[in-house]
Each structure stands twice: as structure tokens, then as C-alpha cells.
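Contents: one structure, followed by commentary.
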Amino acid sequence: MDRASRKEDVERAYNIQARAAVYGAARWGAVGFGLAVLGHYTWPAFRRQTLAFKGFLVSTITIFGLVLTAESALLTYEAARRQEESVLRRQARIDLARQGLVATEPAIARWKAEQQRRQSEASQDPPAEPLSGG
């Protein structure tokens with residue numbers, strides 16, 4: 001994986017984690033706020049607590065949800081990337097073995113670069129139009 005694709009992958013992971021963090025904070029913040037309201041109206045001991053303490057509890061639940069959701073999303077993304085990389089490396093080993101080559105790291109890297117080049121050429125070349133005999 002070259003520097004540019006690694007940087008793109010890091011940016012993609014960051015964006016996924018940031019989106020998940022915002023979602024988790026909103027979701028768990030609403031849960032924390034709901035529990036604080038429920039506790040305020042049903043439990044006299046909680047009602048006597050200061051607003052700052054109640055806010056602390058809500059923010060603790062919010063931060064917990066933010067971290068938990070963001071980390072879960074990042075781990076899911078990393079597992080998917082590892083699986084994709086594993087499939088790609090397996091294909092490279094099989095293809096290189098068919099060519100009679102040993103699948104070393106440099107050979108796999110060259111194979112990946114060749115596959116990316118072929119894929120980019122295929123996506124850039126428009127299909128040839130048949131010539132009409134008219």
C-alpha cells in the first residue's frame with residue numbers, strides 16, 4: 001500500500017469514526033438526559049442533587065456513548081479492511097503461484113500495483129464502438 005492510498009484509508013477511517021462518534025454522543029446523550037429526567041421525577045434523593053451533578057452524570061453517559069460507538073465503528077471498519085486485504089493477498093499468492101513465482105512481499109506489492117493499473121485502464125478506456133458497414 002503506497003503513501004497516498006494509506007492516507008486515503010486513514011482519512012476514510014477518521015470520517016467513519018467521527019460520524020459514529022456524533023451519532024453515539026447524540027443517542028447516548030438523549031438516553032442520559034431521559035434517565036436524569038426520570039430520576040428527577042421518581043426518586044427524591046436524585047431530585048435533591050445539584051444541577052451540576054446531574055449534568056455531570058448526563059455528560060458521563062454521553063461521553064461513554066461517544067467513545068463506545070466510535071470505537072465499535074472503527075473496529076468494524078478495520079475488520080472489513082483486514083478481510084479485503086486477506087482476500088487480495090490470497091488472490092495474489094494464487095496468481096503468482098500459477099506464474100511459477102514465490103509470493104514474497106515485493107512480488108505481492110508488484111502484483112497489486114499491476115492489478116490497480118489494469119483496473120484504472122479498464123475504467124478509463126471507453127468500450128470500442130462497432131464499425132458500421134454502411
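The values are calculated or read from the model by the stated rules, or taken from the named source; none is laboratory data. As the structure is a computational prediction, the values presented were derived from the model and not from experiment. Virtual Cβ from ideal backbone geometry, glycine too; neighbours counted across all protein chains shown.
May I ask you to verify whether ALA79 is surrounded by 11 or more Cβ atoms within 10 Å (Cβ to Cβ) and part of a helix (DSSP H, G or I)? Walk me through how you get there before you give the answer.
Values: surrounded by 11 or more Cβ atoms within 10 Å (Cβ to Cβ): no; part of a helix (DSSP H, G or I): yes.
Criteria not met by ALA79.
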**Study point:** Residue match in region 105-124 (condition: modelled with pLDDT under 90 and not in a helix (DSSP H, G or I))
**Key:** no
